[in-house]
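Participant: Dropping the structure in here first, questions after.
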């Protein structure tokens with residue numbers, strides 16, 4: 001990603017998940033203040049009052065919903081430069097674990 005000399009994402013297109021509140025909302029507002037166009041993903045579909053933001057309701061546990069968010073962002077803004085996956089939790093009640101494999105020498 002190329003950014004301006006001052007490090008700002010001005011003129012870039014960013015997609016932020018978990019955007020309705022907390023860290024996601026803060027990231028979205030900072031990017032908007034810096035001049036980025038936004039696609040915002042949250043289950044509520046909140047656009048945070050940011051002019052020009054694309055904000056379809058998106059449950060990130062649903063790959064088709066995430067694809068709709070990406071497609072809507074690209075349709076509205078022409079491309080996608082930055083992705084910020086700042087969702088609070090996508091825990092579905094299943095846990096992932098990794099067990100080291102045993103090897104005999």
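Computed from the coordinates by the stated procedures, all read-outs in this text should not be read as laboratory data. No experiment lies behind these values; they were computed from the predicted model shown. Heads up, the Cβs are rebuilt from the backbone with ideal geometry, glycines too, and the neighbour counts pull from every protein chain shown.
Participant: Compute the length gained on full extension between residue 80 and residue 61: take 0.36 nm times their separation in residues and subtract their Cα-Cα distance, giving the result in nm to one decimal.
Facilitator: So the extension gain works out to 4.8 nm.
Participant: Between residue 71 and residue 26, 0.36 nm times their residue separation minus their Cα-Cα distance comes to what?
Facilitator: 13.9 nm
Participant: Give the peptides 50-57, 30-37 in descending order of average Cβ contacts within 10 Å, highest first.
Facilitator: The packing order, highest mean first, is 30-37, 50-57.
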